[in-house]
Amino acid sequence: MLKIEAVIQPAKLDAVKEALIEAGIEGMTILEARGHGRQKGHTEFYRGREYTIDLLPKVKIEMVVNDDLREKAIQAILGAARTGHIGDGKIFVSRVEDAIRIRNDERGENAI
């Protein structure tokens, strides 16, 4: 089992969600987040004063998938989230040792 975490632009959430569902990903957790990467935010002017916005709004999507869905999930996220501009986001993949469904104690791949 693998945990896939994707940090994307908020405007791309619906497209990424739909692409993941089409790829066979049944469950995901979506969190609102703030952060920055290499671009370090940007500056804006408000009432003649300059402000630095260094924490940009992002969306984090987390899912645990069977190993065989790894590439489908990654390609779905890449295809739906990419604009080709700085700030498109990142995907992180890590191994999950176990999963347990609280309702009935199912474990492993049956729990996801």
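Bear in mind these aren't lab numbers, they're just calculated from the coordinates by the rules spelled out. No experiment lies behind these values; they were computed from the predicted model shown. Cβ placement follows ideal geometry from the backbone for every residue including glycine, while neighbour counts extend to all protein chains displayed.
Data overview
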quantity: Sites N104 and Q39, calculated FRET efficiency, Cβ-Cβ separation with R0 41 Å, nearest 0.05; calculated: 0.35
quantity: Contour excess over end-to-end distance, with Cα ends at D54 and I86 and 0.36 nm allotted per residue; calculated: 10.1 nm
quantity: Mean residue ellipticity (222 nm) of the chain, computed from DSSP H runs ≥ 4 via -39,500 (n - 2.57), nearest 500; calculated: -6000 deg cm²/dmol
quantity: Leading residue at positive end of dipole, segment 4-112 (Cβ point charges), from G35, A80, N104; calculated: G35
quantity: Student exercise, the chain dipole from Lys, Arg, Asp, Glu Cβ charges, in Debye to nearest 20; calculated: 560
quantity: Unit charges at the beta carbon, dipole of the chain: most positive-side option, M1, Y51, V16; calculated: Y51
quantity: Theoretical FRET efficiency, 1/(1+(r/R0)^6), r = Cβ-Cβ of N66 and A11, R0 25 Å, to 0.05; calculated: 0.25
quantity: Kirkwood Rh (inverse of mean 1/r, distinct Cα pairs), segment 23-112, angstrom; calculated: 16.0
